[in-house]
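Colleague: This structure is in structure tokens; I'll ask about it shortly.
Nothing in this text is a laboratory measurement; each read-out follows from the coordinates by a stated rule. In this text, all values refer to a predicted model and were calculated from it rather than measured experimentally. Cβ sites come from the backbone with ideal geometry, for glycine too, and all protein chains shown count toward neighbours.
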Amino acid sequence: MTYIFDFDGVLANTFECYIEFISKNFFLSKAAATKLIMKHTYTNDKPKMYAQIIERFNMTKLEKFLKEQSNILFEDRIKEILQIDGQKVILTRNYAQCAMYVLGQYADLFDPIIGFHEASNKTIGFSLLQDKYNIDLAQSVFITDTVGDILEAKKFMKETQIFATDWGYNSILELEQVLEPSQIISNFSSFIVQVNVSKLRE
């Protein structure tokens with residue numbers, strides 16, 4: 001079994017710091033920056049727009065900004081992931097390098113870590129996992145926190161293979177518009193039990 005994790009909002013609490021970062025670098029109000037981020041969580045079909053944003057996310061600036069933050073990583077969630085047997089992958093529209101920096105000592109838990117430069121959206125990312133990394137998506141689960149990611153994942157997986165966290169960018173109410181409530185998780189420990197029970201039923 002392969003476990004495919006989104007990064008922002010699932011493994012790291014980046015929401016508030018990215019609002020601040022976008023606000024400063026795009027000269028937007030925090031309300032406008034929040035609206036921009038939330039709009040991008042509902043659909044992943046604007047790679048040109050993301051490219052422009054990523055281009056403005058100067059890597060040196062972004063790394064410096066992240067170093068000034070504290071407690072971004074959901075370390076308790078990562079420790080729960082240590083209980084998971086199987087390959088663990090990260091598929092993110094963030095920089096892979098940025099994800100690795102935030103993960104720190106835990107970065108080695110995940111292989112591969114696919115970021116924006118390899119895959120500007122999850123559709124490209126899932127195709128890469130199949131074609132380049134030889135990952136069987138039929139034997140995988142995907143964990144995210146956004147509506148847009150869920151819609152893309154449904155092109156490659158059954159809904160029962162897709163899970164959403166209730167601590168990320170999109171609210172439970174938003175997630176329930178595209179995913180059954182039983183697929184929305186509050187922690188990784190119960191998620192592991194749920195996946196293991198599903199495997200036994202197969």
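Colleague: If a/c stays under 1.5 just call it rounded; otherwise compare a/b with b/c (prolate if a/b is bigger, oblate if not). Do that for the chain, with a ≥ b ≥ c from the square roots of the Cα gyration tensor eigenvalues.
Modeller: prolate
Colleague: Tally Lys/Arg at +1 and Asp/Glu at -1 over every other residue whose Cβ is under 11 Å from the Cβ of ILE72; what's the total? Provide the component values of the computation, followed by the final result.
Modeller: Details: positive: LYS67; negative: ASP8, GLU16, GLU68, GLU75.
Once all neighbours under 11 Å are counted, the net charge is -3.
Colleague: May I pose another question? Hey, which of these cross-link pairs are over 19 Å Cα-Cα: LYS39/LYS64; LYS122/LYS155; LYS88/LYS122; LYS61/LYS122?
Modeller: LYS39/LYS64; LYS61/LYS122
Colleague: Among all the aspartates and glutamates, which ones have a C-alpha under 15 Å from LYS158's C-alpha, if same-chain residues fewer than 8 places away are not counted?
Modeller: Counting by Cα, and skipping residues close in sequence, LYS158 has these aspartates and glutamates nearby: ASP136, ASP149, GLU180, GLU202.
Colleague: With a/c under 1.5 counting as rounded, go ahead and sort the stretch 67-136 into rounded, prolate or oblate using the C-alpha gyration tensor (a ≥ b ≥ c being the square roots of the eigenvalues; past the cut-off, prolate if a/b is larger than b/c, else oblate).
Modeller: Verdict is oblate for the stretch 67-136.
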